[in-house]
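The values are calculated or read from the model by the stated rules, or taken from the named source; none is laboratory data. Since the structure is predicted, the reported quantities are computational estimates derived from the model, not experimental observations. All Cβ positions, glycine included, derive from the backbone under ideal geometry; neighbour counts span all protein chains shown.
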Amino acid sequence: MRTVPGCKSAFAPFSRRQAILTGAGLLAAATAGGCKAHAARADDATGNIPTRQLGAITGNSLNDMKRFSQWLGKTQNHDLLYFNQENWQSLEQSVPYIISLGASVLAQGRNVQWSIPAGGARAYAEIANGGRDGLYQDIARRIEAIYSQSSQRVCVRLFWEFNLPEQTLAARGADGSWHPELYVAAYRRVASILRKQSNRFYFDWCPNIGAGGLPPDRCYPGDELVDVVSVDVYYRRIYDRGDRHDAGSGIFEYRRTQPFGLDWLTGFASGHGKLVGISEWGVDDNEGTVFMQRMCAWIKGLGDLLSHHNYWDRDDGGVVSRLSTGQLPAIAQIYREAFGSASAT
């Protein structure tokens, strides 16, 4: 986990886990944020996008995916998988394995959300210039092939957390400075490759919560190639509790109202006619119960405007937020009551 120097305040910018390198690895609040009936989405001509989807992020183990569903008391709708983003060679080498893992998930009756990265840092110019078209065409064909007997839609998250300075996928040019125009060009090129392969693909545009190093709206790639607007958000004891003892109440309100926070998310998505997602989230502090309660209520309050929410049920990457093994019992109970077998969502 790389952290932002000096990030000590409970209300400091959200310091997150390091980018994944292994590659496999408030109802009122929602409506106050601008949730309105949305306009036609980018894919309306090609079929509806599923809503209220519950996802799990457990790594590259089918056993861990099974453990999560058994603990929850029901099967998650999908599992989030990542291709390797360390460098181009590692990305290419990860493709057969991640596709095979995805096929196994489908065979077990769940869908997959696919996180497709660039091959390392500062790679957007090469993508935008077409230098990696063949690789992304290959990924698109391989994913499409394992859905050949299915009518399911396929969610792809491209180049996520691009506004996070320490993220490998940060929207930087070869000189290391911020270049939102390169990010947009690269995103549009790869999304167009996938959309050309199949209209079953739909796209999740996913900054990290907050402004980070670059206001995320500067990297918006356009309504025609975005179907879901999401963020990644975590409650981490080391940064978010500090000397406060309010069970995370204050940090939730901060996450909701901060620039490019949850209120911004719902307002921006609504203004562009998109669904809302929480593509990664987790709580690693068993005392953060109010944060957990309010986050669950906020997610449930979105109703049919919610595309998906994916919980980080892992102990690696710097975020120890796994619920399925009993290490965070108070947090786990709140999550299971909100989303488990007895819940309506």
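How many of the residues making up segment 271-291 are more than 18 Å from the chain's Cα centre (by Cα) and either of a type in the set (G, A, S) or part of a strand (DSSP E or B) (or both)?
3
Any residue in segment 107-116 that is in contact with a Phe, Trp or Tyr (Cβ under 7 Å, 6 or more places away or on another chain), closer than 29 Å to Q76 by Cβ and not basic (K, R)?
There is at least one residue in segment 107-116 that is in contact with a Phe, Trp or Tyr (Cβ under 7 Å, 6 or more places away or on another chain), closer than 29 Å to Q76 by Cβ and not basic (K, R).
So in segment 150-168, with the set limited to residues that are in contact with a helix residue (DSSP H, G or I) (Cβ under 9 Å, 6 or more places away or on another chain) and either in a loop (DSSP other than H, G, I, E, B) or not hydrophobic (A, V, I, L, M, F, W, C) (or both), which one is surrounded by the fewest Cβ atoms within 10 Å (Cβ to Cβ)?
S150
May I ask you to list the residues in segment 264-275 that are surrounded by 20 or more Cβ atoms within 10 Å (Cβ to Cβ) and farther than 13 Å from D223 by Cβ?
Hits for segment 264-275 are W264, L265, T266.
The rows are residues; the columns are (1) farther than 21 Å from L80 by Cα; (2) modelled with pLDDT under 95.
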{"residue": "V228", "(1), (2)": "no, no"}
{"residue": "D243", "(1), (2)": "yes, yes"}
{"residue": "S249", "(1), (2)": "yes, yes"}
{"residue": "H272", "(1), (2)": "yes, no"}
{"residue": "G282", "(1), (2)": "no, no"}
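What number goes with the only condition from (1) small (G, A, S); (2) under 20 Å from V226 (Cβ atoms); (3) within 22 Å of the chain's Cα centre (by Cα) that A128 does not pass?
A128 satisfies every listed condition except (3).
Out of the residues in segment 201-224 that are in contact with a strand residue (DSSP E or B) (Cβ under 6 Å, 6 or more places away or on another chain) and among the aliphatic types (A, V, I, L, M), which is surrounded by the fewest Cβ atoms within 10 Å (Cβ to Cβ)?
Looking at residues that are in contact with a strand residue (DSSP E or B) (Cβ under 6 Å, 6 or more places away or on another chain) and among the aliphatic types (A, V, I, L, M), I get L214.
Only one of these is assigned to a helix (DSSP H, G or I) and either at pLDDT 50 or above or over 18 Å from the mean Cα position of the chain (by Cα) (or both): S115, S9, S90. Name it.
When all the criteria are applied, what remains is S90.
Out of the residues in segment 230-241 meeting the condition of being over 19 Å from S115 (Cα atoms) and not in a helix (DSSP H, G or I), tell me which one is modelled with the highest pLDDT.
Y235
Please find, among S177, S198, S192, the residue that is surrounded by fewer than 24 Cβ atoms within 10 Å (Cβ to Cβ), farther than 23 Å from I139 by Cα and polar (S, T, N, Q).
S177
Out of R122, R153, R157, R142, report the one residue that is within 15 Å of the chain's Cα centre (by Cα) and either over 17 Å from G55 (Cβ atoms) or modelled with pLDDT of 95 or more (or both).
None of the other options fit; the residue is R157.
Can you name every residue in segment 55-67 that is more than 16 Å from G317 (Cα to Cα) and either modelled with pLDDT under 95 or buried (at least 21 other Cβ atoms within 10 Å of the Cβ) (or both)?
Across segment 55-67, the qualifying residues are G55, M65.
Please enumerate the residues belonging to segment 94-109 that are part of a helix (DSSP H, G or I), touching a Leu at 6+ places or on another chain (Cβ under 8 Å) and either under 11 Å from I146 (Cα atoms) or of a type in the set (S, T, N, Q) (or both).
L101, G102, S104, V105
For segment 68-87, give me each residue that is part of a helix (DSSP H, G or I) and within 21 Å of the chain's Cα centre (by Cα).
F68, S69, L72
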